[in-house]
Every structure is written in structure tokens, then in C-alpha cells.
Amino acid sequence: MRSRLVALPALVALVAVPLTIPAAQADPAVTVTVNARAGLETVDPAAIGVNHAIWDAQLGTDAVADLMKDAGVRAMRYPGGSYSDIYHWRDHTAPGGYVAPNTDFDHFMAGARRAGAQAVVTANYGTGTPEEAAEWVRYANVEKGYGVKYWEIGNELYGNGHYGSAWEADDHPDKSPAGYANLVRDYAIAMKAVDPTIKIGAVLTTPGEWPDGITASGDAGTWNQVVLSVAGPVVDYGIVHWYPGGDTAAQVLTKTDRVADAIRLVREQSRRHAGKDLAIAMTEVNTSFGRNTQPGALFAADAYATLLANGVFTVDWWNVHNGIGRVSTVAGHTDYDDYGLLSSASCTADGTTCQPALNTPFAPYHAISMVSRFARPGDQLVAASATDPLVRAHAARRADGGLAVMLVNQDPDAVKTVSLRYAGYAPADAAQVLTFANGDTGIATAAGTASTATLPPYSITTLVLRPSGSTAGPAAPPRPSAGSVTDTTATLTWAAPPAGVKYEVHRHTGVGAEQWGETTGTSFTAANLTPGTRYTVNLVARDNAGRVSWSSPPLTFTTGTPTTSTCAVTFRETTNWGSGYVADIEIANTGTETQDGWTLTYTWPTTWQQVSSGWNATWTQTGTEVRVSNTTRLAPGATTTAGFVGAYQGPNVRPTTYTLNGTLCTTR
């Protein structure tokens with residue numbers, strides 16, 4: 001991310017004002033269902049993070065560190081976006097950029113330590129060397145004993161001009177993904193020779209975001225394919241950034257629906273090309289609308305919770321201070337188009353509009369504070385859903401037996417009355433209710449109940465619950481593994497449960513879970529599954545006294561298609577430009593009868609994919625279903641190919657099943 005440079009004046013005091021709830025018309029009741037049996041991922045100690053930048057003179061100050069600590073920030077990234085690739089840590093210089101006083105590495109670490117946060121350090125790839133990075137590791141962890149665990153190799157290097165756009169410094173003659181990946185291996189080897197305990201991250205593209213999917217001239221594949229194939233075996237995590245576009249709050253707030261597919265695709269890419277499951281870090285995220293007002297806060301709360309539920313181990317907002325941009329009024333309040341969480345007290349060029357006092361928190365700051373109170377390190381996110389699409393529901397189970405439910409009301413006008421239902425958890429009647437509503441300058445706390453909640457328009461509300469009885473039970477099982485998976489069966493495996501304990505297998509169903517079976521053994525085979533379907537399952541331990549555990553982390557697998565059928569389909573993408581592509585679908589008649597005219601049908605996995613045009617057949621799309629028809633004959637053993645231009649505005653997920661004249665085909 002390229003960032004505006006700002007000059008920051010002295011700190012002034014902040015004043016909090018009481019919560020007020022605007023008058024609005026209440027909608028009919030919304031039902032929120034929380035299923036504690038449907039476990040998602042566990043919150044990492046570094047989950048709630050922010051970015052710091054060396055051009056921010058407030059970077060290491062006590063005032064900023066204390067504000068970050070109060071918000072529950074537990075990870076801080078340094079030295080700041082694209083500056084990472086021009087920054088030389090030893091002499092604290094960034095040729096071509098501005099470096100503020102007192103922003104060197106030791107000042108940064110002092111602030112991070114005061115806040116109780118881990119450091120995420122980006123080593124200079126663009127104008128640096130593996131030796132320089134290794135010396136930084138030595139200084140940080142051997143000489144100073146800072147114990148910096150997470151190290152990234154460069155920032156957004158796909159923006160070095162290789163794909164046409166050039167915002168990232170890169171002095172290497174080979175700017176291809178192969179050039180980056182080969183040098184990342186050298187960085188990783190040199191840095192881990194100094195401290196083998198560190199974790200190294202490599203830059204990846206975010207599925208659905210430019211330049212993901214593009215194969216440039218001379219490359220063996222896309223950026224992710226090449227980087228993961230070459231550097232994946234020696235790095236520990238993949239780095240993705242996300243700045244979802246949109247000109248309105250409604251457009252931006254729906255973009256979190258794309259998170260699950262994007263993160264799943266990164267995982268699939270790492271398994272396929274690196275041969276292992278890489279951890280995933282979202283080290284930059286922000287919004288395109290209402291950056292300082294309530295839409296930005298609603299986006300931040302929903303995005304952090306959704307990313308954590310999908311297993312991203314750190315989510316780092318861009319950034320702490322940034323500077324004033326285009327001033328507008330959003331949701332009744334002044335928005336300064338500032339990427340920062342805190343005011344820089346800067347003014348427009350003509351001096352007509354100035355931000356509030358230095359370090360005044362903007363709305364997303366309070367959203368991040370709410371997320372840190374909702375999901376703490378070690379908590380496990382569990383499935384939650386709402387009957388109203390404008391209410392986003394998240395839930396987290398706590399080690400002390402508690403449960404937190406965070407509800408985001410994205411309706412700018414209507415109060416939402418919520419009725420809550422629980423599966424696999426029995427809450428006490430009383431609840432602590434935390435609320436951050438439009439225009440508030442802090443989070444309000446009140447008493448409430450576990451069964452109902454009233455959500456002000458454009459608000460974030462968290463219910464903190466206690467169990468109605470004892471929560472003692474056996475230890476949670478480990479994540480199961482997928483053994484043999486066919487088109488209709490899946491064998492799940494795990495280590496033997498403790499004596500006196502059996503494992504139940506539960507499948508997520510969207511609004512809850514269904515129990516597939518139980519066993520005291522080390523495997524379970526599910527039958528009668530639907531071909532080409534994604535399934536998510538958990539294990540739950542139950543002892544002889546009937547007490548149950550937390551659920552295991554989830555396992556997601558996709559069933560295949562029939563190995564033998566009277567037809568087979570191959571999908572081949574021939575070119576991609578980042579928001580669209582050209583592809584061929586090859587159809588083979590593998591049966592013994594001639595198809596006298598044929599119709600192929602398939603369904604896009606998402607709502608943002610479509611056929612723009614096609615040839616060699618008649619192409620039609622209704623909703624997400626595509627029909628491809630041709631009146632020509634297809635003899636046994638013959639193949640035919642139909643092509644199309646596809647478009648997408650999010651992760652481009654391949655269809656899994658194809659039906660020819662009503663027969664399910666083998667997908668090749």
C-alpha cells in the first residue's frame with residue numbers, strides 16, 4: 001500500500017461522551033442461531049493487528065502504544081507498506097521517502113512492548129539483500145532479545161511492474177514471480193540460520209484481486225502458482241492484502257461474503273503447489289468507503305471476525321495514522337477519507353477542513369476494540385447465522401466456559417430486534433451487552449439477556465454470556481483428517497480417543513449441524529454423500545458421564561465426481577486478465593450411445609461469476625446456472641469443445657460438477 005505522508009502535531013486529551021441510540025423504526029424480529037457444536041478456527045495471540053509506518057512521528061509514543069493496548073491490539077507490523085522495500089534498518093534510512101524522527105526499530109519495539117503486541121517485521125526485498133535481513137534477525141533476536149517471530153519478505157512485490165503496474169520498489173533485473181521466489185528461498189535460509197524459530201512469510205496475491213489469475217509472458221504460471229512451487233517448501237506462511245472496492249457502504253459491506261472462498265483458495269493453492277498447509281496472514285486490510293465513519297467500523301468488525309473464523313492468524317489494519325483525503329459526509333458524520341485508525345490532526349490543502357485533535361480515534365478503532373473483546377486469544381469461533389442478511393452474526397466460545405456473540409447491524413435506518421437461539425450451549429439468562437452505534441465515541445456497556453437483543457441502526461453489539469451450569473468435560477478432539485474421498489463417500493481419521501470417551505462426527509449445515517455418527521475408534525466413513533459437494537465437519541468428545549467437549553477445529557473436504565460415467569468434462573482456462581478470462585469446456589462422450597444433440601449444465605459456486613459470451617454452442621445463464629446447448633451429434637468416443645468469455649468480481653471458483661443431457665459427468 002502506498003501511503004500519504006503526514007506531519008503530526010502534539011498530543012491532546014481525548015473526551016468520551018455517553019452512548020446515544022438514535023430514534024428509528026424497529027424491524028420485525030430477526031432470529032440468530034448459534035451452534036457451539038459447529039466449531040471454526042481458534043483465535044491466535046497475534047490475531048488483532050495494525051500497521052505502523054516510519055513516516056509517522058507518533059509511531060513509538062506512549063500515547064499511541066496505550067491506545068493500541070486499550071483496543072486489544074496484539075500485533076504491530078513495521079516499517080510500513082511499500083516503505084518496507086526501500087527501508088534499511090541498520091542506518092534507519094528510506095531513500096526516496098520520508099523518515100520521521102524516533103521511528104527506528106528500537107522505538108517501534110518499545111511501543112510494541114508497551115502495548116503488549118507482537119512484532120510483524122517486513123524485510124527489505126526491493127532494495128535489500130538476504131544478508132541485510134539476516135543481520136536484522138540477529139540484532140532483533142540475538143543481540144536485543146526481542147523475540148520477533150514473524151518476518152515477511154517484501155511487500156506487494158507483484159506491483160513491481162511485472163504485470164504492468166509499478167508502485168513497489170524492486171531493483172532486481174528479474175521481476176517475475178520466479179525471480180522473487182528464488183530469492184525468497186535465499187532470504188529464508190539466511191534468516192533461519194540466525195534464528196531457526198522464526199516464521200517466514202512470502203507475498204501472495206489475494207484470490208479475486210488483481211493480479212491474481214494472470215500469467216504474464218514467460219512465466220510458468222500465475223504469481224501464486226510459481227511462488228508457492230518454488231518458495232513454498234521453505235516458508236511458513238502466505239501474505240495476502242485486501243482493499244475491497246465499492247462506492248457505497250452497501251457495496252463494501254457485502255464483500256466479506258468473499259472471504260471464505262478467497263482463504264480456501266489460498267489453502268488449496270498451497271497444498272497443490274507447496275505440498276503443505278501454509279498459515280495465512282492478512283497483513284493489510286482497509287475499506288474504500290467510510291474509512292473514518294460507521295461503515296468503516298462495520299466493515300472492520302465483520303472482516304476481522306470472518307477472517308479469524310476462516311483461520312487467518314493475524315489481521316492488520318492499514319494503518320495507525322495516515323492523513324486527510326477527500327472530505328465528505330457519511331452516515332451523518334464527517335469522513336476524512338483517512339486510512340488511519342487515529343486522527344493525524346491534518347487539514348485539507350486549502351485549510352478549510354481539519355481533522356479532530358491528534359490521536360482522536362476514528363470509528364474503525366472502536367470496531368477493532370470491540371472485536372478484541374469479542375474474540376480473545378485461545379477462543380474458538382463457532383457457527384452463527386441470522387435470518388436477516390443485514391445482520392452479520394459471529395460467535396466465540398471461551399476457555400472459561402463463556403460465549404460471546406457479536407452482531408453487526410448494517411441497516412443504516414432500522415433498529416433490529418433479535419431473538420437468539422443456541423445449540424450445544426446453555427447460557428445463563430443474564431448477559432453483558434457491549435454496543436458501539438453510529439456517532440458514538442466509545443463502547444457502551446449495559447446489562448441484558450441471552451435470549452434477545454436490540455441493535456441500533458449501523459451498530460456493533462456484543463453479548464458476553466456465562467453458562468447456566470458446569471462446562472466441565474473431556475478435552476476437545478484434534479482436527480480430523482480426510483482419508484479416502486470418493487464421489488459419494490468420505491473416510492475421516494484421527495488419533496485414538498482417550499479411554500472412556502467416544503467421538504461424535506458433526507456436519508455443518510449452514511444454520512446448525514447434523515450428527516453423522518459416533519465411534520470409539522479412529523475413523524468414520526460417511527456414505528450417501530452428494531458428488532462435487534463441499535462438506536465441513538467437526539469432532540465432539542463425549543465421556544461416559546455424558547459430558548461433552550468443545551468441538552475440534554473443522555475439516556473441509558469436497559467429494560469428487562463419478563470415476564466412470566457416460567460423459568467427461570474438462571475445464572481449461574486459456575488466458576486471464578484479472579477480472580475475466582477465456583476458457584474452453586471439452587465434452588467427451590465416454591458412453592456407448594450417440595448423443596443426438598446435447599445440453600451441458602453446471603452451476604457457478606458464487607453469485608459474482610458469469611458467462612459474458614460464448615461460441616460453438618448456445619450459452620445461457622439464469623442466476624448461477626449455465627446451460628450450453630448444441631444440436632450436433634456426439635458419437636461414442638467423440639469429443640467437442642465450446643468456449644466462452646467469463647467475468648468475475650471476486651474469487652474465481654471453478655464449478656465442480658457438470659451434467660450432460662441429465663447425466664452427471666466425470667470432471668477431469
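Just so it is clear, none of the values below were taken in a lab; they were calculated from the coordinates. Quantities reported herein were computed from a predicted structural model and do not represent experimental measurements. Methodologically, a virtual Cβ is constructed for each residue, glycine included, from the backbone with ideal geometry; neighbour enumeration extends over all protein chains shown.
Side notes on the structure shown:
- Helix-only arithmetic for the chain: the sum of -39500 (n - 2.57) across DSSP H runs with n ≥ 4, divided by the residue total, places the mean residue ellipticity at 222 nm at -4500 deg cm²/dmol.
- Per-residue ³J(HN,Hα) for the range 472-479, Karplus 6.51 cos²θ - 1.76 cosθ + 1.60, θ = phi - 60°, Hz, x for Gly and Pro: 5, x, x, 5, 5, x, x, 4
- Semi-axes of the equivalent ellipsoid for the chain, Cα gyration tensor, largest first, Å: 40, 33, 26
- Mean sequence separation of contacting Cα pairs (under 8 Å, at least six apart), scaled by the length of the range 301-397, corresponds to a relative contact order of 22 percent.
- By DSSP, the beta bridges lying fully in the chain are antiparallel in about 75 percent of cases.
- Relative contact order for the range 481-558, counting Cα pairs under 8 Å that sit 6 or more residues apart, in percent: 31 percent
- HN-Hα J in Hz across the range 142-156 - Karplus 6.51, -1.76, 1.60, θ = phi - 60°, x for Gly and Pro: 9, 6, 9, x, 6, x, 6, 8, 9, 10, 9, 9, x, 9, 6
- Along each principal axis, Cα extent of the range 383-467, largest first, Å: 34, 27, 19
- Across the range 533-668, the volume of the C-alpha convex hull divided among the residues equals 146 Å³ per residue.
- About its Cα centre, the dipole of the chain is roughly 1560 debye, where the only charges are +1 on Lys and Arg Cβ and -1 on Asp and Glu Cβ.
- Surface/4 estimate of mean projected area, convex hull on alpha-carbon atoms of the range 461-540, nm²: 7.3 nm²
- With the simple model of a label 7 Å out from the Cα in the direction of the Cβ, residue 633 to residue 530 spans 3.7 nm.
- Selection from 527, 540, 484, by position along the positive dipole direction of the range 481-558 (Cβ): 540
- Residues 186, 316, 56, 247, arranged from fewest to most other Cβ atoms within 10 angstrom of their Cβ, appear as 247, 186, 316, 56.
- Amide hydrogen neighbours beyond the local backbone of residue 213, cut-off 5 Å, H modeled: 223, 224
- Principal axis dimensions, largest first and in whole angstrom, of the range 143-219 by Cα: 43, 26, 19
- Sites residue 426 and residue 573 - FRET efficiency at Förster radius 60 Å, r taken between beta-carbons, to 0.05: 0.75
- Spin-label pair residue 131-residue 472: with each label point 7 Å from Cα along the Cα-Cβ axis, the two points sit 6.2 nm from one another.
- Hz values of 3J(HN,Hα) by residue in the range 175-185 - Karplus curve (6.51, -1.76, 1.60), Gly and Pro given as x: 9, 6, x, 5, x, 4, 4, 5, 6, 4, 4
- Residues 575, 461, arranged from fewest to most other Cβ atoms within 10 angstrom of their Cβ, appear as 575, 461.
- Per-residue Cβ neighbour rank within 10 angstrom, fewest leading, 330, 501: 501, 330
- Alpha-carbon centroids, the range 485-544 and the range 615-631: separation in whole Å: 38 Å
- Cα-centre dipole for the range 567-667 with unit charges at Cβ (Lys and Arg positive, Asp and Glu negative), debye to 20: 100 debye
- Furthest towards positive pole of dipole, 414, 424, 459, structure part the range 383-467, Cβ charges: 424
- If R0 is 22 Å, the Cβ-Cβ spacing of residue 615 and residue 668 corresponds to a FRET efficiency of close to 0.55.
- Under 5 Å, built H, 5+ apart or other chain: amide partners of residue 311: 41
- For residue 192, the aspartates and glutamates whose Cα falls under 18 Å of its own Cα, not counting residues fewer than eight places away in the same chain, are 131, 132, 135, 143, 152, 236.
- Here the contact order of the chain, divided by its residue count and restricted to Cα pairs under 8 Å and six or more residues apart, works out to 14 percent.
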